[in-house]
Structure formats: C-alpha cells, structure tokens
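The values are calculated or read from the model by the stated rules, or taken from the named source; none is laboratory data. No experiment lies behind these values; they were computed from the predicted model shown. Reconstructed Cβ throughout: ideal geometry from the backbone, glycine too, with neighbour counts over all protein chains shown. Just so you know, the surface numbers come from the protein's heavy atoms only, side chains and all, with ligands and any DNA or RNA stripped out. Shrake-Rupley method; radii C 1.70, N 1.55, O 1.52, S 1.80 Å.
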Protein chains: 2
Amino acid sequence: MEQVKRMKWWGWGEEGVFFNYQDKPAFAPFVKKHLGLDLRPRQVDTIRFDAATVPDSTLPEPLRADLVGATASDRVRVDAHERVVHGHGSSVTELLHVSRFDYGRLPEVVVYPASETEVTEVLAACLAADAVVVPFGGGTNISRSLQLDPAERRPIVSLDLGLLSGVLELDEDSGLARVGAGTLGPELEEALNARGWTLGHFPDSFTHSTVGGWAATRSSGMQSDKYGDIADIVRGMTVVRPGGIVRLRPVPSESTGPSLREMFIGSEGRLGIITDLWLQVHRLPAERVVVAYMYPQWSAAVAAIHAIKDAEVPTTFVRISDANETAFSLSTQKKATSPKKKLARLAQSGLWALMRRRGWDTDAMCISYVCFEGSKADVAERRRRVVKIAKEHGALVLGTGPGALYDQKKFDTPYLRDFLLEQDVLGDVSETAAPWSKLNGVHDAVYAAARRAFDELGKQGFVMCHLSHNYHAGACLYFTFAFQAGQDADREYATVKTAIQQAFVDAGATLSHHHGVGMEHAPWMAQVVSTEGVSVLRTLFEATDPGNNLNPGKIIDPPLSLYDHLER
Amino acid sequence: MEQVKRMKWWGWGEEGVFFNYQDKPAFAPFVKKHLGLDLRPRQVDTIRFDAATVPDSTLPEPLRADLVGATASDRVRVDAHERVVHGHGSSVTELLHVSRFDYGRLPEVVVYPASETEVTEVLAACLAADAVVVPFGGGTNISRSLQLDPAERRPIVSLDLGLLSGVLELDEDSGLARVGAGTLGPELEEALNARGWTLGHFPDSFTHSTVGGWAATRSSGMQSDKYGDIADIVRGMTVVRPGGIVRLRPVPSESTGPSLREMFIGSEGRLGIITDLWLQVHRLPAERVVVAYMYPQWSAAVAAIHAIKDAEVPTTFVRISDANETAFSLSTQKKATSPKKKLARLAQSGLWALMRRRGWDTDAMCISYVCFEGSKADVAERRRRVVKIAKEHGALVLGTGPGALYDQKKFDTPYLRDFLLEQDVLGDVSETAAPWSKLNGVHDAVYAAARRAFDELGKQGFVMCHLSHNYHAGACLYFTFAFQAGQDADREYATVKTAIQQAFVDAGATLSHHHGVGMEHAPWMAQVVSTEGVSVLRTLFEATDPGNNLNPGKIIDPPLSLYDHLER
C-alpha cells in the first residue's frame, strides 16, 4: 500500500526532530528559575521501539478475514508498531506512559480503507463482529479522544483514514473544496496553494493532523479571526454510519431543522466515520505580514485587542502573551550568531532601556502579534489602524521582525512537551473561551487555582497564557503549565489539570475552545452544558449506536477506570 | 393577565391594517398584465370572527386543573378566538382555509406560562396526560410548523410564550443580552436601542415574530451579512425538556462535542421549549444608509454582488431584485402627490430616458440595495468602494432616495399576500441558498419549473426573485410567485410550490435558507440531508421524546393526511 505518514510511536512529530536548548542561552536558566530544575543533556536521540514489549494481537480470525475482504491484506495490520502508533493520541498522560513502554489498551488491528465503499464494508464487518471502531486521523489529539478503555473486552479496530486524502473537487466560483478526511494539513495547503487557494486553518497540530480530525474534534486554527473555526469552514460532508451514508450538500447556510452538520462536527467518532468534507477556501492573499507590539501590562493588552475587534479592523489573527508567556518566549531566543541577528539583539536592548525609562515593569510587559492579509493597500491601512489603537493603549510597536520569527516557529511548540517529559517535567496546555467581561476573571482564577494545586503537591510550578481567537462576544485563553513530576505523575498531572479546568468552569468559561472533549474534559461536560444537556447527548449516542461500538467512552460517560489516579 | 399581542385571527398583522392599491396607479394594470386579473375593491375591512363556527374545546378536566395549578386560571384559555389564533401559523395554505372559517385541527387549550418554572410544570402536566405540546411564538411561521394534525386524537396544548418577554440581562462588555423567548421583535429593539444597542436581526416577520421563534425555526434577518443568522447570534440558551432543563452558557465558541446549541436551533419545538436566549448584540451604528443601484441585467448584478463580497467590503445587507421583481416594485410606487415626490418622479423619467439612450432593455434591468453602517468615515469609504464595483458592472447609482423608501416599506410585504388571497390569488414565497456557482442555474431552473407548473394548471402565473443574505460560499435566492386560484386551490398551490422546491433541490440548492422545515418542506428533507440524515434526526426525536408529544410531525415524517391534495 501507499505509505501513510504517522508521527513517532512515542511522541510528537517526526523521528529525529527534537526541541533543542543548547542554542538558546536563556532557556536553562529560565527553567532553573521557574521549575527549580537543572536540565540534563539528552541521553538518546531515539527511543528504540521494541516489538517484544507489545502483546500479540488477539484479533479473531473471522473478523480479520472480513476486514481483508473489505480492503486488502496489506491494509489490515496487526504488527506491534502499527498497533502502538494507533493505540493513543498525544495527550501528556498517554505519552508519559507510552514513552516508557507502558502502552495501555491497544487496538487488535489497524485498517486502511481506501474508499467510501471500503469504509462502509469495514464498518459493517466490525459491527457484525461486535467490535469497537475508532477512527484515526493524525493521532495528534490531546484530549484523550483516541485513548482506549483497558476494560474493553471486544476487539478494537483502529480505522486509519490516511488513504482517503487529497483535494477531490474545487469549485472556484464558490470558494469550496471537497477534501478527503485523511488529508494532512501540509498536503492540503500545498494542493490548494498550487491553484492559488488556501484553507487558512492552522491549528498548532497542523503539520500532523488531518481535515477529518479537525472536524471530528471541532478544532480551530490560529487564523480563525479571518477564516473561521472548523465549524464555520465545513459546509458539507459525508459520514459513513451503521445505517447508511449521510451526505450533506455544501450550502452557505440553511434552515433544515437541528443542524446535522453541527452534530457530526465535534462527534469524535461517536456518530460515524467522516470520509470527506466540503470546505470554504479562500484566494491566497497578495500580502501577509505579522506585526509585533509590546504592551506595558496584560490589562492594557486585553483592552487593546477588544478595541481592535470593536473597530472591526479585519485581522487574520490577534494574539497576546501574558507576562509569563512573554518572558518564556524571550527565554527561547536563539544565540545571535549572524551580524544581522546581533544587530536585532542590540535593538532589543535599546528597546528594553527605552521601556525602563518610560517606567515600565519589564516583568509585566506582554508581547502581541497581529497578522494582516489582503492587498498591499488594505494591509497598510489596517496596520495603521491597529498601530493607532495599540499606541492608545500604551504599546510600543516592534515591527515585523519578531512577527516573522513567530510565524516561522509557530508549529514547533509541541516538541517542547516531549523534551520536558524526557526531563521528568509534565508540561501541558489547557484552553478555554469566555465572554469579554469574564476574560480577566478567568485569567486570575486559573493562576490562583494552579498555584494552589502546585502548593498542594509541594511543587514549584509555572503557568503562562495567551489570548487568541477573537469573536464579537469574547475570546480564547490558552494556558500552558509545567512542573517537575514525582513518583505519581498521573495523580500530580490530574491535580493540576483538574484545578485549571474547574477554574474555567467556575469563572464562566467553557471546558475547551478547540481541543475537543475526549475523556480528558468529559468530567466537566455536565457543568458546561448541564446535566440534561449531557442526557440529550447520551440519548443521541445510545439511540444511534445501540451497540456502543463507535469510539465509546468519549465526550460523555468516560470509563471510570481511567480516572483511578483522581481517587488515590 | 397582561395582554399578549397576537396577529389577526385570519391573516397577517394588525386588525385594520391592509395592503392598499388605490394610491398605486401602476399596480392594477401590473396585476392585469401578469395574472390576467381585474382587481376588485375590498368588500369588508374586517372578517368578523364568529365563535359559533368553532367547535367547543374538549380539554379533559384533569388536564385543565393541572394547567391552572401550574399557571393561573386566567392564563389557561379555551375560548374560541384564542384557540383559532393559536391553531395555525401564517402559511398560505393555512390562511386560505382559516379566513374562510375552515379552521382545521385546533388546540384544546392555550396556556400562558409566566416563568421557567411554570413552563416546566405545564410540560410535566401535558406529558402526564399524554397531551401534545406546541410552543407558540408570534404565529408568523409560513412553513406549517404550527399546523396541527387533524388525525391527532390526544389533547393539544398551545404553549404561548408571550409572557416570557423582555431583556433580562445585558453584558455590555461582551455585547451579549439574555432575552425572554417570547419577546417580540419591536419590543426587543426598543429595549436595546434605549441602551444604545441593537440585535440587528430583522426577518420580514420582525414586527410580529419572537426571539424564541427565530431560534426554533433557524431564521435569518435581512441584515445577516453584518449581524449573522440566528444560529450565529444565539450564543447560549435555556430549554425546558421533559427530563430537565438544558442550560447552555454563553461563550463565543467551544469544542464540546456535537453542538447542543445547534441542535435546539431549528428544532421547531420537537426537542423542548426554549425559554430564554443569550444573543449577540451590537452598538447602534453612528450612521446608516441604504443606497440603490440599477443594473442593466441580472447576470451583471449577481457578478457585482459576488465582487463586493470578494472585496470584503463590510456591508449590512446587499440585495438585488431580478427584472420581474424590479418591475413589480415599480408597480407599487405611490402616486406622486407632494412637489418633492413629483420632482423625484421626474428625475426617474430622466433616468429611464438615460438608460434607453445607453441601449438598456428596461424590461431586463435589476434594482439593488446596499446598506452601510458604521462611522461616517467608514460608511463613506465603503460606499465609495461599492459604487466603484457597481459601475464596473455597468450599474447606475440611484442614490439614497429609493433606498430610504425601501427601508420604510420593508416589513409591509406580508400584507400583500392577504390582499391577493382576498382576490382569490395565491401568492407565496419560496427561498433557498446555494453556492455562487449554482445561483444562476437555480434562478433559471425555478423560472422554468414554475412556468411548467402554471402551464400544467392552465394558469397565467408570475414569478419574481431577489438575491440577499451573502456568504463567502454563496447566497440566498428568494422567489415570490402568484396565480389566480381555481376550484381546487390546495392542489394548485401544491403543484406550483412543489415544482419550485423540487427545482431547488435538483439544481443543488437547499430546501429553505431561513423559513424552517415545518410540514411544508419536510418532504424534501431526505433529498437535502440524505435518507440516513433523516434517520439520524428521527432517532434523535424518537429517543428524546418517546411519547411523540413535542410538536410531532414537524421537520420529518409529517402526517400524510395533510398531503392529500398532492395525490388527487
């Protein structure tokens, strides 16, 4: 079969690519200061996969035969490596274990259907055998939407959609493209760009995640201010279900009862297998710039962003890092080696001096990036308007240099998490959305909750945050936290993560803006959509999947065994 | 109890308000030309309600007692007038009959709960008695979402939400207002305007429809280009269900599984009773103008609108009438009586002369209205950009005079339908949405289908259309049709309406952009969302409402008895 590219079996991204701190002189001191940790040089560059540590597949022969009949023998895989790669997503909890050869429940088999018909037949074979079916996109999900229930006694089939890929149709009059669900981000952009188009959907996971996964987890990309969330972008779709195929034609908007489109978006495999999607695409902009600004403090930056939104300046994204994230970001600057970079660093020192002369507390300052796209004239005009608003809120304009740097590095962050894990540091993210009136309250509440959790664990911990994804009524707050793991990493992680999630909900925010629910956020569903809301979802899942075969335990009613560490 | 204002028992709007053609000299000749009909002067100004024609209510006493216990005796109404007003929506089919004292199935009782708790208790009482519950907003729905099944043997309770009204909370930081579901459009705008805000949602039914009804039918207002469809505007809501109350907190966007918000929007009462909603509200714009343009023909106008959308000029609405609608619109001009109006009419003749000199076919020309809102500077700049695009597409700019006139008359159209009905003319609307690439095809297909239907009936008929509600990927096409009814008006209406709906679906459009499904469009659901899509909705409705008590027969599986006229 054609090769389907998947990530490292034990962590993020491609084999041989790692976060490196040797060329970032301020990074180790930053970690020492905030986590009390001396970084160790990496021991090995690759964690060797040892098939011997993986139990053999117990796939029943009749099911194997049916799956081969539905697809082809080389597309029905029971080898250890395939099963481990498809046995987890990319949550810290999962990677913590898998990177230590503790795989948890693995699927019995990985199947690669190559057409809608094959998906239909694979699904039918699985249901006939009462097997569990878990659709697999890129494996990047961090909300445990892919984790399997250790107590599951039925065969589990991982249905990898990697062969359903590519741009299938492009309606240039309408700005609509039909795309295979298994298409990876870069593959999609390359195909669209070649014809002058872009989807504009760039989640942090972009390089390794798929279109189907974006839809199934209700994701949002960094540029959602311009291009919309995936729920806005997906205009039609095909979903293979046990009872038949749902085909939703692409229309700009419609009045056809409860939205089926919005039912399948975010369904995380529980309502069927998404095989292709109609997506809104846009002409590549003539010009694109990212401009950086520095604000004296968080409240000024938030007020500025809100003012930019209220003024209806069309931006592609607007993002501010709080003081901690700004400091972190500066700690990852590379050593200036080229004359050009040395000059930039010199300018930066000058800037620091200027800010101090203005009476800024440089520990409080917040960096902001704003992206503009359009014609040269539009970009210039919008940039002028934002500069005016930024200055009114006390900002210094840093220009496009740092902006370009941010743009280059934007997909690198997930590698850092694996690096930290290797250093026995649990680092993870938790993000939410709230109305504008509640954003500062959510920010403060999360910091307080994380501090209390760190104290409870007797740990030195770190939290940082950025605001991104702006809407008329509010925005997303994206938190990153880290601390040294001890003997009971699962419980420690759960303590901190739980404290942050609970702070979201108590402060009027939601459980996640764009990472999905999975099993990680399922315990907060009733608090966010109410008990009766959960009951409606339960009724929907049970009635449309009476055998509970479709990615069970996700979104609501997760298997309690996975929350053991919370009870200890 | 407090008075809840509802429309005429037999037609649109307020008692004593009618469409009048005496002051419109071109109207009667227009009708004569296109429908072959000589208009008759109106016989009576009011159709007298005769309670004696209404069968007595057969509400079971125990249910009556429970409803009184849940609310109050003066809010449980069984009188004939209340039951007739609540026994239908505003579809032509319904009004055709009710205005002739043929009421169809009526509810046994109309209840006015005044709080969420009362709604809960009313619902519980109804379910305990195995009664059917039909929520009632303003009664303006034209898709037969309120029509009752003649074969229904259980008691039917009309649950009027009129007492759940008003702006309950206003979060000015976030631009979010919590509003009672029974709030009428004008009442809402008045309350918001007084505090400097607007919802900006203006469906044609605005003056008599309610917020809850807008959400329950997935409506869209004329200004959706700026303010969004109701599905964008509603950020949170409360829904009283048999099993409890669903509370969805207002957040700008979230990643919480299948969207419950989007499940209740468009649910037409089948999933529960919406009692209040969190809505996005906007600051009143400093300036608002509507500018009119005349295009030489439809294709040029559509291309111009698409270009305006592509250029990302922020507009509040953009609308074009096709040649027939433009001609109709001119036929409803009032006699020029004031010197100012005479001058305007003179200018108009000059314009006509100019167009003829340019070689325009004045029978092909299309009028367009574009609305701009914002600061004085923003409005001026946007207007300049649109003028440029319009001229590039051959348009003449008519200025703000006709625009202001359009703006004044925009809520008057529904009265025309009743006037025509009185003249034994069936006039109705059918609207859809499609990708840009299919709009011209849909337009042509609908004209052809309507002509074929008129021919089949041996009638002279008229069709006209406008384009409105623009999106990245397409727009809405809104058709109006009329013809003289014969002996079998139901069948004749169904013949034409069916032909138009089928043309939508065959040409790649959807069954309705913003009028909901009800029973009128239900027969096309499977063609638009596929058979399996309907099956998912059926499973959802059956599983969450096993007794089939919540507004049954709407959206899918309508009672076949109501389609008898199609079989004849």
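Between amide H atoms placed 1.01 Å from N, distances below 5 Å from A:Q460 occur with A:Q484, all of them 5 or more places distant or on a separate chain. In chain B, one over the average inverse separation of all distinct C-alpha pairs is 24.6 Å, which is the Kirkwood hydrodynamic radius.
Give me the accessible area buried between chains B and A, both sides summed, with a 1.4 Å probe, in Å² rounded to the nearest 100. Can you show the working numbers first?
Details: alone 23270 and 23270 Å², together 40650 Å².
So the buried area, both faces added, is about 5900 Å².
Karplus-derived 3J(HN,Hα) values for segment A:246-258, using 6.51 cos²θ - 1.76 cosθ + 1.60 with θ = phi - 60°, are 8, 10, 10, 5, x, 9, x, 5, 7, 10, 10, x, x Hz; glycine and proline are entered as x. The mean of 1/r over all distinct Cα pairs in the protein assembly as shown, once inverted, gives the Kirkwood hydrodynamic radius of 31.4 Å. For B:A434, the residues whose amide H sits under 5 Å from its own are B:A475, B:L477, ignoring neighbours fewer than 5 places away on the same chain, with H placed 1.01 Å from N. Computed over the alpha carbons of segment A:222-289, Rg followed by Dmax gives 14.0, 48 Å. Counted by Cβ distance under 15 Å from A:P55, the other residues give a net charge of -4, where Lys and Arg count +1 and Asp and Glu count -1. Shown in residue order for segment A:538-547 are the 3J(HN,Hα) couplings computed by the Karplus curve 6.51 cos²θ - 1.76 cosθ + 1.60 at θ = phi - 60°: 4, 4, 4, 5, 5, 6, 8, 9, x, x Hz (x for Gly and Pro). For segment B:229-334, take the alpha-carbon Rg, divide it by the Kirkwood Rh, and send me Rg/Rh. Taking Rh as the inverse mean 1/r over Cα pairs, Rg/Rh reads 1.14. Between segment A:143-171 and segment A:347-384, the alpha-carbon centres lie 43 Å apart.
B:V313 exposes around 10 Å² of accessible area when a 1.4 Å probe is run over every protein chain in place.
Pairwise inverse Cα distances across segment B:1-143, averaged and inverted, put the Kirkwood hydrodynamic radius at 17.5 Å.
Per-residue Karplus couplings for segment A:550-556, computed as 6.51 cos²θ - 1.76 cosθ + 1.60 with θ equal to phi - 60°, are listed in order as 9, 5, x, x, 9, 6, 9 Hz, Gly and Pro entered as x.
Annotation: amide H-H contacts under 5 Å for A:F317 (H modelled 1.01 Å from N, sequence separation of 5 or more, or interchain): A:C371. Listed by chain and number, the lysines whose C-alpha is less than 25 Å from the C-alpha of A:K5, apart from same-chain residues fewer than 8 away, are A:K409, A:K410.
The angle between the Cα long axis of helix A:489-506 and the longest principal axis of the Cα atoms of chain A comes to about 70 degrees, rounded to the nearest 10. When the charge dipole of segment A:56-181 is built from unit charges on Cβ atoms (+1 for Lys and Arg, -1 for Asp and Glu) and taken about the Cα centre, the candidate among A:V98, A:L146, A:A131 whose Cα reaches farthest toward its positive end is A:V98.
By the rule of a C-alpha distance below 25 Å, with chain neighbours fewer than 8 residues away ignored, the lysines paired with B:K391 are A:K376, B:K226, B:K309, B:K376, B:K438.
Order the following by accessible area, largest value first: A:K309, B:K32. Probe radius 1.4 Å; ligands, DNA and RNA are ignored.
Values: A:K309 70, B:K32 95 Å².
Per-residue accessible area, sorted high to low, gives B:K32, A:K309.
Inter-copy label distances at B:A286, using a point 7 Å along Cα-to-Cβ, come to 2.8 nm with the shortest given first. The fraction of Cα-Cα pairs per 5 angstrom bin, counted from 0 for segment B:488-568, comes to 3, 14, 22, 24, 19, 11, 6, 1 percent, rounded to whole percents. The residues neighbouring B:A323, those whose beta-carbon lies less than 9 Å from its own, together hold a net charge of -4 under the Lys/Arg +1, Asp/Glu -1 convention. Angle of helix B:185-194 to the longest C-alpha principal axis of chain B, folded into 0 to 90 degrees and rounded to 10: 80°.
Quantify, in whole percent, the carbon and sulfur part of the accessible surface of segment B:33-191 (1.4 Å probe; protein heavy atoms only).
On the way: 3120 of 6120 Å².
Carbon with sulfur: 51 percent of the solvent-accessible area.
Using only the alpha-carbon atoms, how far is helix A:400-409 inclined from the longest principal axis of chain A? Give it as 0 to 90 degrees, nearest 10. It works out to around 20 degrees. Given +1 at the Cβ of Lys and Arg, -1 at the Cβ of Asp and Glu and no other charges, the dipole of segment A:15-59 around its Cα centre is 380 debye to the nearest 20. The residues of segment B:230-250 occluded by other protein chains by 50 Å² or more of accessible area, set against the chain on its own, are B:R249; surface from heavy atoms, 1.4 Å probe.
Where does the Debye-calculated log10 I(q)/I(0) of segment A:465-530 sit at q = 0.12, 0.13, 0.22 Å⁻¹, using only Cα point scatterers of equal weight, no solvent? These q points yield log10 I(q)/I(0) values of -0.36, -0.42, -1.06.
Accessible surface comparison of B:D455, B:D79, probe 1.4 Å, protein chains only, largest first: the order is B:D455, B:D79.
Rolling a 1.4 Å probe across the protein heavy atoms gives segment B:183-307 an accessible surface of 23 Å² per residue.
Mind running the shape call on segment B:438-555? Use the C-alpha gyration tensor, a ≥ b ≥ c as the square roots of the eigenvalues: rounded below 1.5 for a/c, prolate if a/b tops b/c, oblate otherwise. Could the numbers behind the result be given before it?
Values: a/c = 2.45, a/b = 1.43, b/c = 1.72.
Taking the square roots of the gyration eigenvalues as a ≥ b ≥ c, segment B:438-555 is oblate.
The alpha carbons of segment B:389-431 give a radius of gyration and a Dmax of 15.8, 44 Å, in that order. When the other protein chains are added to the chain by itself, burial of at least 50 square angstrom of heavy-atom accessible area (probe 1.4 Å, ligands and nucleic acids ignored) affects these residues of segment A:148-183: A:D173, A:S174.
Shape class of segment B:89-178 from the alpha-carbon gyration tensor: oblate, with a/c at 1.5 or above and b/c at least as large as a/b.
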